[in-house]
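Taken together, the values in this text are just the output of simple stated rules run on the coordinates, not laboratory data. This one's a predicted model, so the numbers in the text were calculated from it and none came from an experiment. Here the Cβ positions follow ideal geometry from the backbone for every residue, glycine too, while neighbour counts run over all protein chains shown.
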Amino acid sequence: MSVNSLVDQYAVFGDPIQHSKSPRIHTLFAEQTQQPLVYTAQRVPASDFTVAVSDFFAHGGKGLNCTVPLKELAWNYAEHLSARATLAKAVNTLKIMPDGSIYGDNTDGVGLLNDLKHNHIQIAASRILVLGAGGATRGIVAPLLAQNPQQLVIANRTASKAIGLVQEFRSTVIAACSLAALSGRQFDLIINATSASLSDDLPELPENLLATGGSCYDLAYATQATSFVRWGIAQQAVKSLDGLGMLVEQAAEAFYVWRGVHPDTSTVINLLNAERFNKS
Ligand code: ATR
């Protein structure tokens, strides 16, 4: 890889990476804040991760985003971790420090919180359900807990995985269960953190799970409404959103980690929404 040393280089690594919106988002941020930088996307399978990251930084790269399936590997790779990355056991943002060491952070949780805030969806004192117990859930549990929900239930198809995850967080408001055990319960906010939407699938959910006035949020996003967003609309959710806003918000936090400047996210979210709306 050849890295032009005149302009600071950033990239996103992942597999698949073809449809990543991160280069577009960071290029918009760079234009908006007048930061001279280049941001590219590179397909990096898990087996090539260490070599690819070492090569990128050895050739002058300044910062990396890591996405599926590389976040746990990035967590292992980083020499220093932010408190939120330590808790998440996953890293989506790597940065080279002035002494050459590699710092790892996780901006996914704060990205979700910021997007929920922009959409006026309240967490404090609410009953929150998170579907799924994989890497995506791991990144958002601690930030959600920090907002003092009334309850935070992690429900997973494989209940044992949810139980194991919940045991890592010492809190009286968090609990784990199977999807079937949700029957008869109600929540004010249901967050889909399963990978089901990626294959236009939906976790099996009981009737009347969403309380009147409640909202739904899918961490995944697509050009069209995801299966979970459609489910939320069918449940008469006040808001049924996908993760495009979170994607832009986590990118803005990563941009801040690297450049020390907070870009304006609303203009970028509005632009990307308008673009996909025009395509559909
Ligand atoms: P990620 O890093 O995106 O979270 P992951 O760690 O592979 O990916 O986790 C995927 C999550 O989605 C898991 O909780 C998985 O449930 P299982 O632990 O039972 O496998 C969940 N998941 C994926 N497809 C699903 C489906 N069709 N219905 C319900 N849950 C599903």
For the range 109-244, the Cα-Cα pair-distance distribution in 10 Å bins from 0, as whole percents, is 13, 50, 35, 3
Once the in-chain neighbours fewer than 8 apart are removed, the lysines whose Cα is under 30 Å from Lys71 read Lys21, Lys62, Lys89, Lys95, Lys117, Lys161, Lys239
The range 165-280, Kirkwood Rh and Cα Rg, ratio Rg/Rh at 1.02
Along the range 175-180, Karplus-curve 3J(HN,Hα) (6.51, -1.76, 1.60; θ = phi - 60°) to the nearest Hz, with x for Gly and Pro, reads 8, 10, 7, 7, 5, 5
Answer in debye to the nearest 20: the dipole magnitude of the range 109-244 about its Cα centre, from +1 Lys/Arg and -1 Asp/Glu charges placed on Cβ, is 320
The extension gain from Gln150 to Thr223, computed as 0.36 nm times the residue separation minus the Cα-Cα distance, is 22.9 nm
Taking the alpha-carbon centre of each part, the distance from the range 92-108 to the range 112-159 in Å is 25
Long-range amide H partners of Thr40, meaning residues 5 or more apart or on another chain whose placed amide H is closer than 5 Å, are Tyr10, Ala11, Val12
Within the set Ser54, Ser126, Ser20, GNM on the chain using Cα springs under 10 Å gives the largest fluctuation to Ser54
The alpha-carbon center of the range 1-67 and that of the range 224-280 are separated, in whole Å, by 21
In order over the range 75-81: 3J(HN,Hα) from phi, Karplus 6.51/-1.76/1.60, θ = phi - 60°, whole Hz, x for each Gly or Pro, gives 4, 5, 6, 5, 7, 10, 10
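Quick one: in the chain, what % of C-alpha pairs are over 34 Å apart?
I get 19 percent for the Cα pairs in the chain exceeding 34 Å.
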Over the chain, the sum of -39500 (n - 2.57) across DSSP H runs of at least four, divided by residue number and rounded to 500 deg cm²/dmol, gives at 222 nm -11000 deg cm²/dmol
Karplus-derived 3J(HN,Hα) from phi for the range 90-101 (6.51 cos²θ - 1.76 cosθ + 1.60, θ = phi - 60°), whole Hz, x at Gly and Pro, runs 8, 10, 10, 9, 10, 9, 8, 8, x, 8, x, 7
The long-range amide H neighbours of Lys89, using H built 1.01 Å from N in the peptide plane and a cut-off of under 5 Å, are none
Over the Cα atoms of the range 58-159 the radius of gyration and the largest Cα-Cα distance (Dmax), both in Å, equal 15.2, 48
per DSSP, antiparallel bridges as share of beta bridges in the chain, % nearest 5, sits at 15
